[in-house]
Amino acid sequence: MIDFELAPELYQRREMFRAVARDVMRPISREYDEREHEQPVKFWEMMWAASRQAEVKIGQVGRDEKRDEKKEPEQRNLATIVLTEELCWGDAGLYLSIPNPGLGGAAVAAAGTSEQKERFLKRFKDGAPKWGAMAITEPGCGSDSAAITTTARRDGDHWVINGTKIFCTAGEMAVEKSEGFVVVWATLDKSAGRAGIKPFVVEHHTPGMTVVRVEDKLGIRASDTAAIVFEDCRVPLDHILGSPEIRREGGFKDVMATFDATRPIVAAMAIGVGRAALDFVRDFLTQQNITIRYGLSPRRLSAVERDFMEMEVQIEAARLLTWRAAWMLDMGQRNSLEASMAKAKAGLAVTLITQKAVELMGPLGYSRRFLVEKWMRDAKINDIFEGTQQINLMIIARRILGYSSKELS
Ligand SMILES: Cc1cc2nc3c(=O)[nH]c(=O)nc-3n(C[C@H](O)[C@H](O)[C@H](O)COP(=O)(O)OP(=O)(O)OC[C@H]3O[C@@H](n4cnc5c(N)ncnc54)[C@H](O)[C@@H]3O)c2cc1C
C-alpha cells in the first residue's frame, strides 16, 4: 500500500527550505532573471553552508537495490521531491544553480559502481558538494538519443571522446568554473544503435573539453546552459559508467534508468512553480474580495472560481503522481512508467496553470512588476528537458500497451 506519511524530520526540513525559498530566493528572483549570466555567489555561499547540514540529495537519488525489507524505508527520493518543490516555489532557476551533482550525479548513482560513486560524488574536504552535469543532447539529436553522433573509442588505457553537446544544464559550472564533472553520452559503435551508447564521466578541466557557448534563454535564466565541444578528449578506462560490452538486449535500459530518478524531480520542480503561481493568484483574488466557494455545484460557480479550482486540481493530481513515482523508488521498485506519468502530467499542468495565472490577473499578469510572467516563462522547460511531453506520453503508451521502442516511435 502506498504510504505518503513523511518522517517528522522531513517536515522540519520542509519548513526550513520553505523559509529559504521565501526569504532568500524570492527577494533575488527578479535580479538573476534579468542578469542571466551573473552568478548568484552570495546565494551559493549560503546554500553551500546550509547543504552541509541538510543537502538536497539530487546526486544520491535512485532505486535502492539492496533495501532491507524489514527496515523502515529511507525516504531519500520522496524527501528530494518534497524539498525540490519548496525551493522551486522560491525560484526554479536559482534552484538549478545550487551547487549539486545534479543529473550527472543521478547518472553516476544509477549506473556507476560503488567505487565510482565514492570517487565522483565525494564531497570536498569542507563538505561542499561537487557540480555535475549531463550531456546527451547534440545539434542533430535530442529526443531520439539513438541518433547520438559523439564517439568514444578505446586507445590503450583511455577512451577518446569526440563530438559536440548542446543545452547542458550547469555545464559551465561543472566544466570550467568549479571542480565538477560531466557525464557525456557517446557511442562506442554507431552501427549498434542504442546498444552502443554509453555514459562517460569527464572531470573538470580535462584537456579537449571546452565550453563554447552559454545560452540566452526564455526562462530558468539563473541556471547556466552550455554548449560543450569534445576534441580528442581522453579519459581513463574506468570513467565509463556500466559495462563497455555492447549488449543488444537490455544495455540501453540500464543507461535510461537514470531518468527513473530524475523525471520525478523535474515534476517536483514544475509543481513548485505551479504552486507559486497558484498562491499568488489566491492572494490576488482575496485582495479583490473574490472568494472561492468550495462545495457548490459547478453550475453555480463563476468562471474565475472554476478556473482556480481547476488549477488546484491539476497541481494535486501532478503531486500525487510524483510522490508515487518517488515512493516506488524508495521502496526499491522499478518506476519507469510512473516517472514518465508524473513528468508528463506535471509539465503540462504547470504550463497551463502559469498561463491561466497570467490571464486571471489581467494586464498585471503580463507586467514585470510581478513574478507571474516569469513563472510562465520558467514553466515550459519542465515540459521539454528530461524527455518532452510527447516523448513521455509515448513511453507511457509503450509500457501500457507492451510495445517496444521499435514498434512505437
Ligand atoms: C534550458 C534547457 C536545458 C537543458 N538541459 C539539458 C541537459 O542538461 N542535458 C541534455 O542532454 N539536454 C538538455 N536539454 C535538451 C533537452 O533535453 C532537449 O531539448 C529535449 O530532449 C528535446 O530535444 P530536441 O530539442 O532536440 O527536440 P526534438 O527531439 O527535435 O523534438 C522537437 C519536437 O518534436 C517532438 N517529437 C520528437 N520526436 C517525437 C516522436 N517520436 N513523436 C512525437 N513527437 C516527437 C518533441 O516532443 C518536440 O516537441 C536542455 C534543454 C533546454 C531548453
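The values are calculated or read from the model by the stated rules, or taken from the named source; none is laboratory data. Everything quoted here is computed from the prediction, not taken from an experiment. As a convention, Cβ positions derive from the backbone with ideal geometry for all residues, glycine included, and neighbour counts pool all protein chains shown. When the accessible area is computed, the model is the full protein with side chains, heavy atoms only, and any ligands, DNA or RNA have been set aside. Shrake-Rupley method; radii C 1.70, N 1.55, O 1.52, S 1.80 Å.
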- Verdict on Lys345 being buried (at least 17 other Cβ atoms within 10 Å of the Cβ), within 16 Å of the ligand (Cβ to nearest atom) and part of a helix (DSSP H, G or I): yes
- Note on the structure: Reported set for region 198-252 where residues are among the basic types (Lys, Arg) and under 22 Å from the mean Cα position of the chain (by Cα) is Lys198, Arg213, Lys217, Arg221
- Query: Taking region 176-216 as the search range and keeping residues that are at pLDDT below 95 and of a type in the set (Ser, Thr, Tyr), which one is nearest to the ligand (Cβ to nearest atom)?
  - Reply: Ser178
- Item | Residue identified as modelled with pLDDT of 95 or more and closer than 17 Å to Pro199 by Cβ among Leu237, Leu285 | Leu237
- Message: So, in region 217-232, how many residues would count as being open to solvent by 10 Å² or more (accessible area, probe 1.4 Å) and away from the ligand (no atom under 11 Å from the Cβ)?
- Response: 4
- Query: Looking at this structure, is Glu115 acidic (Asp, Glu) and not in a helix (DSSP H, G or I)?
  - Reply: no
- Test: residue in region 234-249 that is exposed (fewer than 13 other Cβ atoms within 10 Å of the Cβ), basic (Lys, Arg) and under 30 Å from Thr164 (Cα atoms): yes
- Message: Just checking, does region 250-264 include any residue being among the acidic types (Asp, Glu), open to solvent by 50 Å² or more (accessible area, probe 1.4 Å), at pLDDT 95 or above and not in a loop (DSSP other than H, G, I, E, B)?
- Response: no
- Message: Criterion first (without any contact (Cβ under 8 Å) to a residue 24 or more places away in the chain, outside any helix (DSSP H, G or I) and open to solvent by 50 Å² or more (accessible area, probe 1.4 Å)) does Arg334 satisfy it?
- Response: no
- Query: Among (1) at pLDDT below 95; (2) crowded, with 17+ Cβ neighbours inside 10 Å; (3) over 23 Å from Glu36 (Cα atoms), which single condition is Met173 missing?
  - Reply: (3)
- Query: For region 279-314, which residues satisfy the criterion of being within 29 Å of Leu96 (Cα to Cα) and open to solvent by 10 Å² or more (accessible area, probe 1.4 Å)?
  - Reply: Asp279, Phe280, Arg282, Asp283, Phe284, Glu310, Glu312, Val313, Gln314
- Item | Subset tally (residues that are more than 16 Å from the ligand (Cβ to nearest atom) and more than 17 Å from Pro99 (Cα to Cα)) for region 110-134 | 8
- Item | Test set (1) within 16 Å of the ligand (Cβ to nearest atom); (2) among the polar types (S, T, N, Q); (3) at pLDDT 95 or above - Asn162 fails condition number | (1)
- Message: I'd like the residue in region 365-394 that is more than 16 Å from the ligand (Cβ to nearest atom), outside any loop (DSSP other than H, G, I, E, B) and in contact (Cβ under 8 Å) with a residue 12 or more places away in the chain and, out of all such residues, is least open to solvent (accessible area, probe 1.4 Å).
- Response: Val372
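Does Leu360 satisfy the criteria of being crowded, with 18+ Cβ neighbours inside 10 Å, over 23 Å from the mean Cα position of the chain (by Cα) and farther than 21 Å from Arg221 by Cα? Can you show your working first?
Numbers: crowded, with 18+ Cβ neighbours inside 10 Å: yes; over 23 Å from the mean Cα position of the chain (by Cα): yes; farther than 21 Å from Arg221 by Cα: yes.
The answer is yes for Leu360.
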- Query: If the Cβ limit is 9 Å and pairs must be 6+ apart or interchain, which residue in region 263-292 that is on the phi < 0 side of the Ramachandran plot and free of Cβ contacts under 8 Å to residues at least 12 places away in the same chain pairs with which residue that is assigned to a helix (DSSP H, G or I) and of a type in the set (D, E, K, R)?
  - Reply: Thr291/Glu305
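Test Arg275 against the stated conditions and say whether it is surrounded by 12 or more Cβ atoms within 10 Å (Cβ to Cβ), closer than 26 Å to Gln75 by Cβ, more than 15 Å from the chain's Cα centre (by Cα) and charged (D, E, K, R).
yes
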- Task: Can you tell me which residue within region 165-175, out of those that are in contact (Cβ under 8 Å) with a residue 60 or more places away in the chain and of a type in the set (Val, Ile, Thr), is nearest to the ligand (Cβ to nearest atom)?
- Result: Thr169
- Note on the structure: Scanning region 118-141 residue by residue, those open to solvent by 30 Å² or more (accessible area, probe 1.4 Å), in a loop (DSSP other than H, G, I, E, B) and farther than 21 Å from Lys165 by Cβ turn out to be Lys122, Arg123, Phe124, Lys125, Asp126
- Task: Just one of (1) in contact (Cβ under 8 Å) with a residue 40 or more places away in the chain; (2) surrounded by fewer than 15 Cβ atoms within 10 Å (Cβ to Cβ) trips up Arg153, so point out which.
- Result: (1)
- Item | Criterion (under 28 Å from Pro40 (Cα atoms) and part of a strand (DSSP E or B)) met by exactly one of Val183, Val160 | Val183
- Note on the structure: Of the residues in region 1-30, those that are surrounded by fewer than 13 Cβ atoms within 10 Å (Cβ to Cβ) and either of a type in the set (D, E, K, R) or farther than 20 Å from Asp378 by Cα (or both) come to Met1, Ile2, Asp3, Glu5, Pro8, Glu9, Tyr11, Gln12, Glu15, Ala19, Asp23
